[in-house]
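*Asks:* Can you keep this structure in mind? I'll have questions shortly.
Nothing in this text is a laboratory measurement; each read-out follows from the coordinates by a stated rule. This one's a predicted model, so the numbers in the text were calculated from it and none came from an experiment. In this analysis, Cβ positions are derived from the backbone assuming ideal geometry, glycine residues included, and neighbour counts consider all displayed protein chains.
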Amino acid sequence: MAGLWYTEKQTENFGITMKIKKTHHVEQTDFQLLEIVETEEWGNMLFLDGMVMTSERDEFVYHEMVAHVPLFTHPDPKKVLVVGGGDGGVIREVLKHPGVEQAVLVDIDGKVIEYSKEYLPSIAGGLDDPRVDVQVGDGFMHIAESENEYDVILVDSTEPVGPAVNLFTKGFYAGISKALKEDGLFVAQSDNPWFKADLIRQVQKDVREIFPVTRLYTANIPTYPSGLWCFTLGSKKYDPLEVEADRFHEIDTKYYTDELHKAAFVLPKFVKDLAEGEGE
Ligand code: SAM
C-alpha cells in the first residue's frame, strides 16, 4: 500500500489502518504518547498511546451519546462533571442543554486540551465557554474529594490502561455515587463487547452493586475497536427508559434522537448476556 498508513492494533492479531495526509504533532507527554494526524478518510484524528481517541468526521456519534442520554434522563441537570474528555467533544454537547449552569472538566493531561484546541477546533471549541471550568488533574482524586456535588457525571476516559486504570474500578464507581447528588446519575464509556467482554461484565456487575438503576447502551463508532461501542449508565433515581416525551427539547445533533435515546438500550443477545453477567 503506497503512502503513509497509521495502524491501531486493537488486539495482538487485529487492527484498523488509515492513510495519513499529514502529521501535525507527536509528543510523549507526562502521561501518554500524544499524536495528532490528518487522515484521508476521517479528517484530523487524535491518538493516545496508539489508540484512536477521536476524529473530526465521526466524533459526533460518541460525544452526543455520552452526553444526551444522561442529560435528557435527569429532569433538570445544573452541575455536570466530565472526567477525561480533554478533546472537548463531550463538553460541547453538554453546553447544548440551556439548564446546565456549570460544566467542570478534569483531564489529567493538559497537553490533550492544548493540542485539541489547536488541531481539533470543531471538537474543542466549547472548552472556552464561560460555563466551563477546565481543571488539569487526576479524575480519580477529584471524585474522591467530591461529595453531593454533581447532578450528572460523564466519564470520558481512555481505556483502562496507564492513567485511566483506576477509572474502571468499583472504588471509583462508589466515589462517583458519593460525588453525585441524591438523584444524580453517571455514564462511563465502557469499551466494546468483541474484545473487552470481561471488562463490560465486571463494570456492569460493580455498578449494579452500587446504583439501583444500571443499564448498558450502544452506538456505532466506525473508528473505534469493533465499531460497536458500549456505555454504562448508573442512576440513583431516574431511569433512561422512563423519560416522558415532553422532556426532549429541541437540540442540534447528527446522531442522537429522542427515539434513539431508548432504542440504544435494545441490545444484541450476546451483549445483553454480557450486561446481565452471563455469556462466555
Ligand atoms: N473518547 C475516547 C475514548 O472513548 O477512548 C476518550 C477521549 S478523551 C481524549 C480521554 C482522556 O482521558 C484523555 O485526554 C486522557 O488524558 C484522560 N484521562 C486518562 N486518565 C485520566 C485520569 N485518571 N483522570 C483524568 N483524565 C484522564
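*Asks:* What full-extension length gain, to one decimal in nm, is calculated for ASP258 and ASN148 as 0.36 nm per residue of separation minus the Cα-Cα distance?
*Replies:* 36.7 nm
*Asks:* Okay, next question. Around LEU81, which amide H atoms from residues at least 5 apart in sequence, or from another chain, sit under 5 Å from its own amide H, with H modelled in the peptide plane?
*Replies:* Under 5 Å from the amide H of LEU81: VAL104, VAL152, ILE153, LEU154.
*Asks:* Note down, for the stretch 176-270, the three equivalent ellipsoid semi-axes (square root of 5 times each alpha carbon gyration tensor eigenvalue), biggest first, whole angstrom.
*Replies:* Result for the stretch 176-270: semi-axes of 21, 20, 11 Å.
*Asks:* Would you kindly derive the ³J(HN,Hα) couplings of the stretch 164-172 from the backbone phi angles with the Karplus curve 6.51 cos²θ - 1.76 cosθ + 1.60 (θ = phi - 60°), listing them in order in whole Hz, with x for Gly and Pro?
*Replies:* Karplus-based 3J(HN,Hα) across the stretch 164-172 equals 9, 3, 5, 7, 10, 9, 5, x, 5 Hz.
*Asks:* Could you tell me which GluC sites (Glu not before Pro) in the stretch 134-175 are loop residues by DSSP with no more than 13 other beta carbons within 10 angstrom of their beta carbon?
*Replies:* Here the GluC sites (Glu not before Pro) that fit, given the DSSP loop and packing criteria, are GLU145, GLU147.
*Asks:* Report relative contact order for the stretch 141-280 in percent, whole number only (criteria: Cα-Cα under 8 Å, sequence separation at least 6).
*Replies:* 23 percent.
*Asks:* Right, here's the next one. Local charge sum around ASN220 (other residues, Cβ-Cβ under 15 Å, Lys/Arg +1, Asp/Glu -1)?
*Replies:* Local charge sum for ASN220: -2.
*Asks:* Next question, about the same structure. Quick one: check the C-alpha center-to-center distance for the stretch 109-177 versus the stretch 201-280, whole angstrom.
*Replies:* When both Cα centres are located, 20 Å separates them.
*Asks:* Could you grab the relative contact order for the stretch 114-184? Cα pairs under 8 Å, six or more apart, rounded to a whole percent.
*Replies:* It rounds to 34 percent for the stretch 114-184.
*Asks:* Can you list the HN-Hα couplings for the stretch 104-110, worked out from phi with the Karplus curve (6.51, -1.76, 1.60; θ = phi - 60°), rounded to whole Hz and with x for Gly and Pro?
*Replies:* Here the 3J(HN,Hα) series is 9, 10, 10, 10, 6, 10, x Hz.
*Asks:* For the chain, what ratio Rg/Rh do Cα atoms give with a Kirkwood hydrodynamic radius?
*Replies:* Rounded to two decimals, Rg/Rh equals 0.94.
*Asks:* What residues qualify as long-range amide H neighbours of VAL134, i.e. H under 5 Å apart, gap of 5 or more or another chain, H built at 1.01 Å from N?
*Replies:* LEU105
*Asks:* As a test, work out the antiparallel percent of DSSP beta bridges whose residues both lie in the chain, rounded to the nearest 5.
*Replies:* Given both bridge residues lie in the chain, the antiparallel proportion sits at roughly 65 percent.
*Asks:* Report, by chain and number, residues whose modeled amide H sits under 5 Å from the one on GLY15, excluding near sequence neighbours (fewer than 5 apart, same chain).
*Replies:* Sorted by chain and number, the residues that satisfy this are GLN10.
*Asks:* With +1 on each Lys and Arg Cβ and -1 on each Asp and Glu Cβ, and nothing else charged, work out how big the dipole of the stretch 70-152 is about its Cα centre, in Debye to the nearest 20.
*Replies:* Its charge dipole is roughly 280 debye.
*Asks:* While we're here: Please list, in order along the stretch 140-151, the HN-Hα scalar couplings obtained from phi with the Karplus expression 6.51 cos²θ - 1.76 cosθ + 1.60 (θ = phi - 60°), rounded to whole Hz, x for Gly and Pro.
*Replies:* 5, 5, 4, 5, 4, 9, 10, 9, 6, 10, 10, 7
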